[in-house]
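Scroll down for the structure; my scribbles are underneath it.
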Amino acid sequence: MNVVSAKGLAKYYGALCAVGGIDFEISKGECFGFLGPNGAGKTTVMGVIYCFMPPTSGEVKIFGIDVTVDPSGIKSRIGVMPQDDSLDPDLNVLENLIVYARYFDIHKKDSEPTARELLRFVDIEDKVDAPIKDLSGGMKRRLLLARALINTPELLILDEPTVGLDPYSRHSVWEKMEALKSKGATLILTTHYMEEAEKICDRVAIMNAGRIVTIDSPAELMSRYRGSLEDVYLKLTGRPFAA
Ligand SMILES: Nc1ncnc2c1ncn2[C@@H]1O[C@H](COP(=O)(O)OP(=O)(O)OP(=O)(O)O)[C@@H](O)[C@H]1O
Ligand SMILES: [Mg+2]
C-alpha cells in the first residue's frame, strides 16, 4: 500500500517555483530520503506531505486521502520533526511534550506517561524538568524527535534529523529510526549526510531546483553510476554531497 502518492506536485511561493511538478510514491514501512542542495525544494515537499500547506497544483494523497480533502485527519496520523528548532522556550522539557499532545486532543493523563517513556526512548529522561535553554543542540534535536512521536504516528517526517549531532548521538538516532521502522512506521527524511542516506534509506529521491532527477535505492544508484552515493549526487546535481 502507498502511504504517499504524488502526481505532478508543484508548489509556488508567489512567482517562485520551489517544486516544479514531481511524481513519487512511498510505500508502507519504507524509509524514503529526499536529498539535494540547499533550496532544492525538500522542505517544501515535506510541508505539503504533512499538510502544512497545500500544493499549488497536482494530486497528493496520504494514506489514500487527498491532502486538500482532509488535512486534519491526515495530520493526526503524522509526526513531524522540523528542520528548525520550534520548541517552546517558556515550557520545560516535559511540558513541551504535554502541550504539543493537546493539538492531537491527547489529555495530560494520557500524554504524561507517553512523554516520559519517549524521553527515555531518546535518552534525555534526566532533563525532564529542564528549561529548554539548558539543553544542548543535540538534546533539542532528540526532544523534537520525542515530540514527533507523541501521537504514535504511522508516518514520520524528519527534516534533517541528525544535523549538528555528534557521531555517537547520530548513530543513536539512527537506531531509534530503525526501531520505529521495525514496528511498521513509514519514515521520510531529508539529510545532507551521505552515510545517513546510505545506511537508513531504502530509496532516495535526488532533487535539484524543484525537480526529482532520480529515485532509486542507494545500492542501485551506486551500481548504475559506478561510484559512491557521493559520486552519484555530484553527477546529478553538480554539487559535492558533503563538505
Ligand atoms: N516560505 C517561503 N516563502 C518564499 N520562498 C520560500 C519559502 N520557503 C522556501 N522558499 C524557497 O523555495 C525554494 C525551496 O526551499 P526549500 O526550503 O524547500 O529547500 P530545501 O531543499 O529544503 O533546502 P535546505 O537544504 O536549505 O533545507 C528556495 O528557493 C526557497 O528560497
Ligand atoms: Mg530544508
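The values are calculated or read from the model by the stated rules, or taken from the named source; none is laboratory data. Quick caveat: nothing in here was measured; it's all calculated off a predicted structure. Cβ sites come from the backbone with ideal geometry, for glycine too, and all protein chains shown count toward neighbours.
Considering LEU9, LEU87, the condition of being at pLDDT 95 or above, within 30 Å of ASP129 (Cα to Cα) and not β-branched (Val, Ile, Thr) is satisfied by LEU87 alone. The condition of being at pLDDT 95 or above, of a type outside the set (Lys, Arg), assigned by TED's automatic domain parsing to the domain that holds TYR103 and buried (at least 17 other Cβ atoms within 10 Å of the Cβ) holds for only one of ALA146, ALA185, that being ALA146. Take the conditions (1) more than 16 Å from ligand 1 (Cβ to nearest atom); (2) in contact with a Pro (Cβ under 6 Å, 6 or more places away or on another chain); (3) closer than 30 Å to GLU230 by Cβ; ILE132 misses just one of them, which is (3). The sole residue among ARG141, ARG116 that is within 16 Å of ligand 2 (Cβ to nearest atom), basic (Lys, Arg), outside any loop (DSSP other than H, G, I, E, B) and not assigned by TED's automatic domain parsing to the domain that holds VAL173 is ARG141. Taking the range 203-241 as the range and being crowded, with 17+ Cβ neighbours inside 10 Å and in contact (Cβ under 8 Å) with a residue 60 or more places away in the chain as the test, the residues that pass are ARG203, VAL204, ALA205, ILE206, MET207, ASN208, GLY210, ILE212, ILE215, TYR233, THR237, PHE241.
Per-residue answers, yes or no, for (1) of a type outside the set (A, V, I, L, M, F, W, C); (2) in contact with a strand residue (DSSP E or B) (Cβ under 6 Å, 6 or more places away or on another chain); (3) farther than 22 Å from PRO153 by Cβ:
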residue: ASP105; (1), (2), (3): yes, no, no
residue: LYS109; (1), (2), (3): yes, no, no
residue: VAL122; (1), (2), (3): no, no, no
residue: LYS127; (1), (2), (3): yes, no, yes
residue: LYS133; (1), (2), (3): yes, no, yes
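Residues that are in a loop (DSSP other than H, G, I, E, B), under 21 Å from PHE34 (Cα atoms) and touching a residue at least 12 places away in the same chain (Cβ under 8 Å) within the range 69-98 comprise ARG77, PRO82, GLN83, ASP85, listed in sequence order. So which residues in the range 144-183 are in a helix (DSSP H, G or I), in contact (Cβ under 8 Å) with a residue 12 or more places away in the chain and over 28 Å from ASN2 (Cα atoms), if there are any at all? Selection gives SER169, ARG170, SER172. Taking the criterion of being within 13 Å of ligand 1 (Cβ to nearest atom) and either assigned to a loop (DSSP other than H, G, I, E, B) or modelled with pLDDT under 95 (or both), the residues of the range 12-35 that qualify are GLY14, ALA15. Consider ASN38 against the criteria (1) within 16 Å of ligand 1 (Cβ to nearest atom); (2) touching a residue at least 12 places away in the same chain (Cβ under 8 Å); (3) in the same structural domain as GLU198 (by TED's automatic domain parsing): it satisfies all of them except one. Which criterion is unmet? For ASN38, the exception is condition (2).
When MET53, MET46 are screened for being within 16 Å of ligand 1 (Cβ to nearest atom) and more than 30 Å from SER182 (Cβ to Cβ), only MET53 passes.
The listed residues are ASP129, ASP66, and the only one of them that is of a type in the set (D, E, K, R) and touching a residue at least 24 places away in the same chain (Cβ under 8 Å) turns out to be ASP129. Among the residues making up the range 119-138, those that are assigned to a helix (DSSP H, G or I) and over 14 Å from GLU95 (Cβ atoms) are ARG120, PHE121, GLU125, ASP126, GLY137, GLY138. Among all residues of the range 50-71, there is at least one that is within 16 Å of ligand 2 (Cβ to nearest atom) and buried (at least 21 other Cβ atoms within 10 Å of the Cβ).
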